[in-house]
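Below you'll find the structure, written out as structure tokens, and then a few comments.
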């Protein structure tokens, strides 16, 4: 059965995506719900007392009657403790100096996104990585948590703010107002929280008040951490804090009323205003505990560093609640300094008991463990101290011994808690192996079928007879029996065993079929190879004339794949692409020079030159020559400019870049002018291939994109207050309509060309129209300063097509690899990186006023992979245009080659990466580097598969 | 066939290599706290100076540079002036190339320019010595099949290896090993130096083993 190579490639990609998904399920440890039991006051351990009896289950009085938690989303530690804190938050700074305030830097864990962080704050344990995907769709927390405990103890909780809380803790709040606004809005979301404050603070019927402010997070996503809005927002937060604090203080004046005011952040903000990764700015959050109970003696110094999970046990104990069962945090010692020594020791004992229970549960062979030993020793010492205490021994010695016991407890606590914090990655090797096979086999098929697919016929012969052969059935049987054996064996819990049997059997059948196919391919190739001998293959390779470009393309691709093995090269992957791209341009420059300066070289070329002279007037040739010579230079400058537009990566991400400069408030005019210029240029670069109707649609679309940006507030006619209530939703929707209409026209043209085959020109035009629809969509989704990236992308495409690819007679494979490289480079030019934090999740609010999951995911994915998608689309359009008579083969053959090679490059990278990740799954950096990169690779594979499917369907 | 010339080349290269070693060792005695990493720029300029001086002297003595038609002092002076100009222009050119490759534009401009000076003195000076300040000849030598003598082939190999060495030297920069040689521009200049040194060895050998295949057009 003959299959066209582009169809073959997209089938291969589908199976690879399946394999990648299976692998990911195996790779990411699934969250094991530790146990459905929740801590209870009655299970608390007795106070250690040798032979004692009285009041052994003594629980200290709650330290605080009322707790107010003011959680500010994306609050970075240096917003409070740094220079900007002193400037914008004067009241908070003043509070920090008073002895009734304890200030800390609370370290958040990756992934630094809201839902996992809220879980960490309330349950006190560390959520698994895959929770990052659940950030947008958060199911209720089933684990034991602070909110549940407080509720069970009859505390009344009021919540105002981000509605993630309501998803996480349904029916737990006495009174609530969940807020969920578009990311572009940062005034309403906070006003909706603050407006409840006055009335609530006057009332007395609540115990815990939780406020979750979203404004700073929204500003960060839209404008970055250096924007003017952020400063005003910080002073607004300062005012809120002042309001709460003074209200509480005035209340307290009347009666004894110990309160606790907590100011914290769930995660920080990177230097680009995003979060999700593990840079300094993202993991450092401020934590201020303010209460008249505190009497800090030591003068204010640099805030101590604690872990974010420490807050949960501290709050639980100080409210007289049991610590939630899965908590791995240890109490913050400073909080309890006001309590009596007996109470302090009791608190520490309770915390230690809870941690030791958790340790016993997680490591059943704990008896051999020395970690618990320390705690037991401390408990014994505690018992001795209690005895002394109950004997009314009020000497200095008592206090001294108490202090010593406390120290012992604290050490034991920190040992146990750090042992618990080490994540145990129980990886599911069985699913991983199946996924790996499913990824590697198609890649092997792609490589083996390459000579066939890259020949003139562009078709791959699928040997269907292999399906009915004996080896196929034998393999199926073997794999199925292995599967049954593995899954029925006792203690294995793996994902692949839990999926339905028909699916498993389908995968087994596919694996056996493709093994047979590979075998038949190899047997067909091998005799040929044996006849020609190994040396002849080498000779064939060496006889091919390898130009410098070929060598670079080969070596560059190989070195990129090799670089995936190094953590820092993954972090700084963009550097590799930029470097290779610059080298590529230099080689192209050299090729161009060779073409135009080789007059004196050979007689044949001279003839060609003269022929050219006859055809065109001399000036035209001259102009063309200089334009062609200037092209690579221009492209080099262009890439250098784009490189400094968005700093990405890890090591140098903090350096100031052009984007920061453009987005700062004082350069609004420059940004407006620049984006106007870019939009006009985009119009002129794209409109050439379109029909009249599409041209009009395109112009209108670009115009309304400007209006949208202006309405959102990032461009010049800039509404300072909320004059424009629509927030640009109308404009954005209008653009969506135009995009769809252009895409529709393109598809219509392509279908028309299918009906009457003679009309091949309309097919090409259809392709270009689809391309311009995509460009319009991306110019809506890109941030204002990134319009420059889009504009440069189009400019490079036009120039390369005009002066390089057509003039220098590159073949389809070379053009494909260059496109792939440029696609990768533009992915990074746009500001993306291999860390989760650079994904722009504010995209969903473009044109939508409420969060809709499906469009949000699609738009975010499209925006993130805009670079590779645009270049892939351009490749197809360019190769299929009829004008390219320079190509060796007809355009359909060229398109086939292009698609096949693109698929090969993509699947090669993904497969190589998956192999690397398997090998390094116990590497300490896995969490911050390998996981996100793996997700990115899988997503990229999925996107390219989707694009190739759509392309094949339309064809 | 060209045994005489190859022998001359080997001895030239030996002298140049020795001068590089001397230029590395001597400042250690003169400059306090001298080290290749710590006082990199001192090392860089001393090596560049040594290479320039030795190359100019040797090639002048050997008389390889193309014969000048006129022997007037004015002509010689103008050649000298043009050579200096070309050297400076090539420094600027290399500086631009390095910036295009992603070196910071304003910060550490001195380091970038020093690298450009090193690259120029390793490549351009040799071009100037062998071919003279003659752009046409340069273009001829660096286009395909343009070599017209053993020295031209040698020049091609040396320049290619030096540039390749500097290019490869950029790869370790993003690694987070925090080694002293990862500081800009140490890895690149060391790479260029290593490329140049290997060129000194490789070029005569390559010419020696391929002397059958090498045919040169007459001038």
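Here residue A:406 passes the criteria (1) within 18 Å of residue A:354 (Cα to Cα); (2) at pLDDT below 85; (3) in contact with a helix residue (DSSP H, G or I) (Cβ under 9 Å, 6 or more places away or on another chain) except the one numbered (2).
A quick yes/no check of all residues on (1) more than 23 Å from residue A:40 (Cβ to Cβ); (2) surrounded by fewer than 17 Cβ atoms within 10 Å (Cβ to Cβ); (3) in contact (Cβ under 8 Å) with a residue 12 or more places away in the chain:
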site: A:297; (1), (2), (3): yes, yes, yes
site: A:333; (1), (2), (3): yes, no, yes
site: A:346; (1), (2), (3): no, no, yes
site: A:349; (1), (2), (3): no, no, yes
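Checking each residue in segment A:617-648 for being surrounded by 13 or more Cβ atoms within 10 Å (Cβ to Cβ), away from chain B (no Cβ under 13 Å) and out of contact with any helix residue (DSSP H, G or I) (no Cβ under 7 Å at 6 or more places or on another chain) picks out A:624, A:630. Answer yes or no: is there a residue in segment B:126-138 that is in a loop (DSSP other than H, G, I, E, B), under 30 Å from residue A:929 (Cβ atoms) and more than 14 Å from chain A (Cβ to nearest Cβ). Looking through segment B:126-138, none of the residues is in a loop (DSSP other than H, G, I, E, B), under 30 Å from residue A:929 (Cβ atoms) and more than 14 Å from chain A (Cβ to nearest Cβ).
For segment A:582-596, the set of residues classified as modelled with pLDDT of 90 or more and either within 8 Å of chain B (Cβ to nearest Cβ) or under 25 Å from residue A:935 (Cβ atoms) (or both) consists of A:582, A:583, A:586, listed by residue number. Would it be correct to say that residue A:331 is within 26 Å of residue A:261 (Cβ to Cβ), touching a strand residue (DSSP E or B) at 6+ places or on another chain (Cβ under 7 Å) and modelled with pLDDT of 80 or more? No; evaluated as a whole, the condition is false for this residue. Only a single item in (1) touching a strand residue (DSSP E or B) at 6+ places or on another chain (Cβ under 6 Å); (2) buried (at least 19 other Cβ atoms within 10 Å of the Cβ) is not met by residue A:196, and it is number (2). Every condition in (1) surrounded by fewer than 17 Cβ atoms within 10 Å (Cβ to Cβ); (2) assigned to a helix (DSSP H, G or I); (3) within 14 Å of another protein chain (Cβ to nearest Cβ) holds for residue B:112 except the one numbered (1).
Tell me, yes or no, whether segment B:89-104 has at least one residue that is more than 14 Å from chain A (Cβ to nearest Cβ) and either buried (at least 17 other Cβ atoms within 10 Å of the Cβ) or farther than 29 Å from residue B:187 by Cα (or both). Before the answer, list the steps.
Residues of segment B:89-104 more than 14 Å from chain A (Cβ to nearest Cβ): B:89-92.
Adding the requirement that they be either buried (at least 17 other Cβ atoms within 10 Å of the Cβ) or farther than 29 Å from residue B:187 by Cα (or both) leaves B:90-91.
Checking segment B:89-104: at least one residue is more than 14 Å from chain A (Cβ to nearest Cβ) and either buried (at least 17 other Cβ atoms within 10 Å of the Cβ) or farther than 29 Å from residue B:187 by Cα (or both).
Filtered by the rule that a residue be at the interface with another protein chain (Cβ under 9 Å from one of its Cβ atoms), in a loop (DSSP other than H, G, I, E, B) and at pLDDT 85 or above, segment A:543-581 gives a lone residue, A:572.
If I filter segment A:222-235 down to residues being surrounded by fewer than 21 Cβ atoms within 10 Å (Cβ to Cβ) and under 12 Å from residue A:89 (Cβ atoms), which single residue comes out as nearest to the chain's Cα centre (by Cα)? Checking each candidate, the answer is A:231. Looking across segment B:145-171, the residues that are surrounded by fewer than 20 Cβ atoms within 10 Å (Cβ to Cβ), assigned to a helix (DSSP H, G or I) and either within 14 Å of chain A (Cβ to nearest Cβ) or on the phi > 0 side of the Ramachandran plot (or both) come down to B:156, B:160, B:164, B:167, B:168. Taking the condition more than 10 Å from every other protein chain (Cβ to nearest Cβ) and modelled with pLDDT under 90, does residue A:600 pass? Judged against the criteria, residue A:600 is not a match. Selection of segment A:927-942 for residues being under 16 Å from residue A:832 (Cα atoms) and at pLDDT 85 or above yields A:933, A:934, A:935, A:936, A:937, A:938, A:939, A:940.
Under the condition of being within 14 Å of another protein chain (Cβ to nearest Cβ), farther than 20 Å from residue A:552 by Cα, touching a helix residue (DSSP H, G or I) at 6+ places or on another chain (Cβ under 8 Å) and part of a helix (DSSP H, G or I), the residues counted in segment B:172-211 number 1. Annotation: residue B:99 fulfils all but one of (1) modelled with pLDDT of 90 or more; (2) outside any helix (DSSP H, G or I); the unmet one is (2). Looking at this structure, is residue B:142 within 14 Å of another protein chain (Cβ to nearest Cβ) and within 24 Å of residue B:83 (Cα to Cα)? Judged against the criteria, residue B:142 is a match.
Selection of segment A:277-328 for residues being more than 36 Å from the chain's Cα centre (by Cα), under 20 Å from residue A:261 (Cα atoms) and outside any helix (DSSP H, G or I) yields A:291, A:292, A:293, A:294, A:295, A:296, A:297, A:300, A:319, A:320, A:321.
Could you check, for segment A:694-714, whether at least one of its residues is at pLDDT below 80, in contact with a helix residue (DSSP H, G or I) (Cβ under 7 Å, 6 or more places away or on another chain) and surrounded by fewer than 18 Cβ atoms within 10 Å (Cβ to Cβ)? No; the residues of segment A:694-714 include none that is at pLDDT below 80, in contact with a helix residue (DSSP H, G or I) (Cβ under 7 Å, 6 or more places away or on another chain) and surrounded by fewer than 18 Cβ atoms within 10 Å (Cβ to Cβ).
The values are calculated or read from the model by the stated rules, or taken from the named source; none is laboratory data. Note that the structure is predicted; figures quoted are calculated from it, not measured. Quick reminder, even Gly has a Cβ in these numbers, built from the backbone with ideal geometry, and neighbours come from all protein chains shown.
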